[in-house]
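Worksheet for the structure shown next.
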Amino acid sequence: MSIRMKTPPRMPPDAADAARALRARPAGEGQPSADAVVRPDGEITFAIDALNLWYGAKQALTGVGLEIARRKVTALIGPSGCGKSTLIRCLNRMNDLIPGVTITGRVDYRGVDIYGADVDPVEVRRRIGMVFQKPNPFPKSIYENVAFGARVNGFRGNLDDLVERSLRRAALWDEVRGDLRKSGLALSGGQQQRLCIARALANNPDVILMDEPCSALDPIATLKIEDLMRELADDYTIVVVTHNMQQAARVSDYTAFMLTDEETTGRLIEYAPTETMFTQPADQRTEDYISGRFG
Ligand SMILES: Nc1ncnc2c1ncn2[C@@H]1O[C@H](COP(=O)(O)OP(=O)(O)OP(=O)(O)O)[C@@H](O)[C@H]1O
Ligand SMILES: [Mg+2]
């Protein structure tokens, strides 16, 4: 494993946070019943265990535990505020960048605790790339958007090849090949999102996290991104947050359903192969949510 040892350990939680963490984790509390959380078949990219997260004093994840399968698409669904974005950001330590966040529990990426004292968060974020809700190309040319990470990292190979390969992989090459010097901001929303995916791919990641990548896109652009997600799953582990049940059903292999209720914030209710989740949910609350009864 080549995640290197560079940065100092995370600050330990202060006494109050630690006390809250201990109180929040009596055995079983916040955990779904065992039959509502499957273990995926095959290789595992992430093993998440007893994960709790607080923003200051406010808890946003409670006892989340699940395993994410390698080279599959995993969807995170649930009503607004249930902790989907918080959970997906835990997978590449993006929450570290938010002041006042305390995390307990484990996130193992291919057997390495990514919150371990000896892990470099920058390398974590390179391997585990992220695409956001609103396409966010840099105000630079299409070419420079894709080449950016490689330049920063002192890439010694052929940049033109890297840019072409990444744009092809993101299903954008044919639309932009004659316009590589044009600003990334001049593209349509769907093209901008594929440019952001190309930019992530150029860093040679292993995992791509997508937080509602289609919510700002029209239906045609959405379908293109969905097709792309399926194709990318041949080579990459994909985790996608979506509010769109049809999208989860169309693109994902596994689905995790999360919920916040009066007692517990940000807990996993059910995790299953997508087909099972949508046809025979194990938990009544899952059934109510996917059939549109709330959220
Ligand atoms: N940076 C932050 N600081 C403080 N609280 C936050 C922060 N980000 C999220 N929260 C809170 O944590 C809880 C979970 O939020 P999160 O954004 O993870 O939900 P979500 O499921 O992604 O919702 P949505 O579907 O609306 O995007 C919410 O109560 C939210 O207000
Ligand atoms: Mg969100």
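The values are calculated or read from the model by the stated rules, or taken from the named source; none is laboratory data. In this text the structure is predicted, and so the values were computed from the model without any measurement. Positions of Cβ are backbone-derived with ideal geometry, glycine not excepted, and every protein chain shown enters the neighbour counts.
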| Residue check, I142 against (1) at pLDDT below 95; (2) touching a strand residue (DSSP E or B) at 6+ places or on another chain (Cβ under 9 Å); (3) within 19 Å of A221 (Cβ to Cβ), all met but one. Which one? | (1)
| query | Which pairs do you get when a residue that is within 16 Å of G292 (Cβ to Cβ) and of a type outside the set (S, T, N, Q), found in segment 73-89, comes within reach of a residue that is within 6 Å of ligand 1 (Cβ to nearest atom) and not in a loop (DSSP other than H, G, I, E, B), reach meaning Cβ atoms under 9 angstrom, with the pair 6+ apart or on two chains? | reply | I77/K84; G78/K84
| field | Hits in segment 236-254 (condition: within 16 Å of ligand 2 (Cβ to nearest atom) and buried (at least 22 other Cβ atoms within 10 Å of the Cβ)) | value | V239, V240, V241, T242, Q247, A248
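Conditions (1) over 24 Å from E123 (Cβ atoms); (2) basic (K, R), marked per residue:
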site: D161; (1), (2): no, no
site: R165; (1), (2): no, yes
site: D179; (1), (2): yes, no
site: E231; (1), (2): yes, no
site: D235; (1), (2): no, no
site: A249; (1), (2): yes, no
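From the set of residues in segment 144-194 that are among the hydrophobic types (A, V, I, L, M, F, W, C) and in a loop (DSSP other than H, G, I, E, B), which is surrounded by the fewest Cβ atoms within 10 Å (Cβ to Cβ)? Steps first, please.
We begin by selecting, within segment 144-194, every residue among the hydrophobic types (A, V, I, L, M, F, W, C); these are 146-148, 150, 152, 155, 159, 162-163, 167, 170-173, 176, 180, 185-187.
This time we only want the ones that are in a loop (DSSP other than H, G, I, E, B), so: 155, 170-172, 180, 187.
Numbers: F155: 15, A170: 25, A171: 18, L172: 24, L180: 18, L187: 21.
Once the filter is applied, the top-ranked residue is F155.
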| field | The one condition in (1) within 16 Å of ligand 1 (Cβ to nearest atom); (2) at pLDDT 95 or above; (3) within 21 Å of N203 (Cα to Cα) that R71 fails to fulfil | value | (1)
| said: Against the condition touching an Asp or Glu at 6+ places or on another chain (Cβ under 9 Å), farther than 30 Å from C214 by Cα and either at pLDDT 90 or above or not acidic (D, E) (or both), how does R23 come out, does it pass? | reply: no
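Taking A233, is it buried (at least 19 other Cβ atoms within 10 Å of the Cβ) and either among the small types (G, A, S) or within 16 Å of ligand 2 (Cβ to nearest atom) (or both)? If you could, list the steps in order and put the result at the bottom.
Working: buried (at least 19 other Cβ atoms within 10 Å of the Cβ): yes; either among the small types (G, A, S) or within 16 Å of ligand 2 (Cβ to nearest atom) (or both): yes.
Criteria met by A233.
Taking segment 51-60 on its own, how many of its residues are surrounded by fewer than 18 Cβ atoms within 10 Å (Cβ to Cβ) and touching a Lys or Arg at 6+ places or on another chain (Cβ under 8 Å)?
From segment 51-60, those surrounded by fewer than 18 Cβ atoms within 10 Å (Cβ to Cβ) are 55-58; that's our starting set.
Remaining after also requiring touching a Lys or Arg at 6+ places or on another chain (Cβ under 8 Å): 57.
Going through segment 51-60 one residue at a time, the tally reaches 1.
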| task | Provide a single number: the residues in segment 61-72 that are within 19 Å of T104 (Cβ to Cβ) and surrounded by fewer than 21 Cβ atoms within 10 Å (Cβ to Cβ). | result | 2
| Can you find a residue in segment 80-103 that is of a type outside the set (V, I, T) and more than 16 Å from ligand 1 (Cβ to nearest atom)? | no
